[in-house]
Structure formats: structure tokens, C-alpha cells
1. Exactly one condition in (1) more than 15 Å from the chain's Cα centre (by Cα); (2) open to solvent by less than 10 Å² (accessible area, probe 1.4 Å); (3) in contact (Cβ under 8 Å) with a residue 24 or more places away in the chain is false for I90; which is it?
2. Can you tell me which residues in the range 25-64 are of a type outside the set (A, V, I, L, M, F, W, C), part of a helix (DSSP H, G or I) and closer than 26 Å to P183 by Cα?
3. So which residues in the range 93-127 are over 11 Å from the mean Cα position of the chain (by Cα) and of a type in the set (S, T, Y), if there are any at all?
4. For the range 183-197: of the residues being over 15 Å from M63 (Cβ atoms) and surrounded by 13 or more Cβ atoms within 10 Å (Cβ to Cβ), which is farthest from the chain's Cα centre (by Cα)?
5. Can you tell me which residue among A103, A74, A109 is part of a helix (DSSP H, G or I) and farther than 15 Å from W162 by Cβ?
6. Can you spot a residue in the range 129-140 that is within 29 Å of W57 (Cβ to Cβ) and at pLDDT 95 or above?
7. Does any residue in the range 29-40 that is within 15 Å of T83 (Cβ to Cβ) come within less than 9 Å, Cβ to Cβ, of a residue that is assigned to a helix (DSSP H, G or I) and at pLDDT below 90 six or more places away or on a different chain, and which pairs are these?
8. Could you check the range 64-88 and list, in sequence order, the residues that are under 11 Å from A45 (Cβ atoms) and hydroxyl-bearing (S, T, Y)?
Amino acid sequence: MASPHTQTVPGARLLIDAWAPGDGSLSAGGLWLRRLAIVALGIAAIAIAAKIRVPFWPVPMTMQTFVILSLGAACGPRLALGTILGYLTIGALGFDVFTSSSADNNGIAYMLGGTGGYLLGYVLAVVALGLLAERGWDRSPWSLLGAMLIGQVLIFAPGLLWLGHLYAETKGWAWTVEVGLTPFLLGEVLKMALAMLLFPMLWRSVGKARG
């Protein structure tokens, strides 16, 4: 699936391996420290992205889904899964790391509310993006778009199903879609377009640097 115009890096299946090789140059302990550092930085990036609101239409836009899907594509299924599970664990302990959480609305109670399905979707999406990236889907804009679309479906499908489970009986499924999907579509399209530009460019820059 890699674009013929995208330079590859020998031995690197994932962008993280191309930017920060962890092969024979590191001991077993060094590899684990590298992985822990990547996970910690990923958790911090997700939490920060969840709280930054960019003025947009029809609702303010966060970059959380962009960061989550990008982590899956850049780090692969195992590191990305560890990152998102670490993020969710920190949130479950009561830390204010979610988009709409607060000092009074956090932890397990928040996670079982209206956003609970989307949080599950994050887990599914990072694994899917990581598996697809291992197969080269992040090397060209159009294959990456396909991977991102799959990730979006895996986020929004459980998100809408859980939201509907909580509220559809009283508010209806049309309301569920209107509140849980429609306001975010334009922002998600913009974020996918950004990823389509960013990832092939990063692969090309790595190839040139090592060429």
C-alpha cells in the first residue's frame, strides 16, 4: 500500500521505529525505558489534546481523535494500546484528563456516561490503525485515509450505540445521531486531511535523512 513516491526506511515498519530506532543499539532495559517514555508522552499528548478547544463550526474542535489515531498509526498496535489503556486508567482514577470531565465529573462515573462508548472506540481504533500501519497504510495519503476512516467508524459506532442505549428511549435515535455524530463530522474531515498531509511527509523526511 506504500506510495511509490514515499521513501522507505530499511527495517522500519512503523514511523516510531524510523524516527527512534530501538534495534540492536539498545539493551533490553533500554528498550523498556524507550517504550515507557513513548507511552508517557502519548498519554500526555492525548490528555492535552482533550482539553484544547479550537474555535470551529458547528462546535469547538479538540485534537484528541487526531492524536489518538496518529498514535496508532505511528506507534503500532502494542505501544498504542498500552498508551490508550494508560490514559483510560488515569482517567478512571479520577484525574481530569477527558474532554468534558471536571473536578466534579470524572472517574468511573464519567466514563460510564454519554462518552463511554467513544472511550471504548478509542481502544478499538488505535489497535486497528496500528495493525494497518504495520502493513504500510500510513505511507501514502489515500491508504492512510482508508485507515483513518476505519478508525473513525470504530470510534463513532460504539459511541453512538452507548449514547443511544442511555438516551434513545427518551430522546430517540435521531437525537443521538444529531448530538453524537453530526456536529463533529466537519472537524473529523479536517483532521483526516491533516493526517494525509503529515504522515507521508514524515516518511519522506526520514527517508531523505537516512538516504
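The values are calculated or read from the model by the stated rules, or taken from the named source; none is laboratory data. Values in this document were obtained by computation on a predicted structure and should not be read as measured data. Cβ atoms come from the backbone with ideal geometry, glycine included; neighbour counts cover every protein chain shown. Note: accessible area is taken over every heavy atom of the protein model, side chains too, but ligands, DNA and RNA are not part of it. Shrake-Rupley method; radii C 1.70, N 1.55, O 1.52, S 1.80 Å.
1. Result: I90 passes all but (2).
2. K51, Q64
3. T99, S100, S101, S102, Y110, T115, Y118
4. Filtering the range 183-197 for residues that are over 15 Å from M63 (Cβ atoms) and surrounded by 13 or more Cβ atoms within 10 Å (Cβ to Cβ), the one farthest from the chain's Cα centre (by Cα) comes out as P183.
5. Every option except A74 fails the conditions.
6. yes
7. That search, which allows pairs on different chains as well, returns I38/I16.
8. Of everything in the range 64-88, those that are under 11 Å from A45 (Cβ atoms) and hydroxyl-bearing (S, T, Y) turn out to be S70, T83, Y87.
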